[in-house]
1. Could you list all residues from the range 112-136 that are under 21 Å from Leu61 (Cβ atoms) and touching a residue at least 40 places away in the same chain (Cβ under 8 Å)?
2. Among strands (runs of 3 or more DSSP E) lying entirely in the range 51-158, which contain 1 or more residues that are touching a helix residue (DSSP H, G or I) at 6+ places or on another chain (Cβ under 6 Å) and among the basic types (Lys, Arg)?
3. Given (1) more than 21 Å from Ser31 (Cβ to Cβ); (2) in contact with a Phe, Trp or Tyr (Cβ under 7 Å, 6 or more places away or on another chain); (3) surrounded by 16 or more Cβ atoms within 10 Å (Cβ to Cβ), identify the lone condition not met by Ile101.
4. Can you pull out the residues in the range 99-136 that are within 11 Å of the chain's Cα centre (by Cα) and over 18 Å from Val43 (Cβ atoms)?
5. So, Gly94, is that one of a type in the set (Gly, Ala, Ser) and touching a strand residue (DSSP E or B) at 6+ places or on another chain (Cβ under 6 Å) or not?
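Nothing in this text is a laboratory measurement; each read-out follows from the coordinates by a stated rule. Small disclaimer: the values here were computed from a predicted structure and weren't measured. Every residue, glycine among them, receives a Cβ derived from its backbone with ideal geometry; neighbour counts consider all protein chains shown.
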Amino acid sequence: MRSQVICSFIAVFMILGLGACGFEPIYASGSQVGKDLQNIKLVAPTSREAYIFARSFEERLGRNSGASTTLRYNISIYDQGLDLRDVSIAQKIGSVSYQLIDEADGDVIASGKVEAFTSYSSEGNLSVASQYDASERLLIILADRVISKLAAQLPVGH
């Protein structure tokens, strides 16, 4: 009983301590990084993969067609089977190379590449549906990783 009270006290103290130190999420709506991330428009998607990537990106940060920076991106996805006995599992492996361009002068503000993978069952009647689901999960992961890398790469006050 006494240990529960002590643990509760410590938990409350830690929560209050984080609030007092100015802790806030990196891309909260009022933060400078949040403002910079919301000032990004994406190049219009030209494929199913690019559409899912753009939708995922915009679901997190919103769509801003009047932004002063543009994210150009190139998506690469391929399938790889796993050599396991009596198991039909495959992987979707993907990467996104990106460049954040300042529309005013054409300068590259940030660039990079992120990678990820997902697995799916390639056996049975649902293998096509499993592939589509794996692709969508992969593209959501890749969009999240691009946002995280951009948050770390953006110059302060850009």
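1. Within the range 112-136, Gly112, Glu136 meet the criteria.
2. On the way: elements: 69-81, 89-102, 108-121.
Here the list reads 89-102.
3. (2)
4. Here is the first cut: in the range 99-136, the residues within 11 Å of the chain's Cα centre (by Cα) are 114-116.
Across the range 99-136, the qualifying residues are Glu115, Ala116.
5. Criteria met by Gly94.
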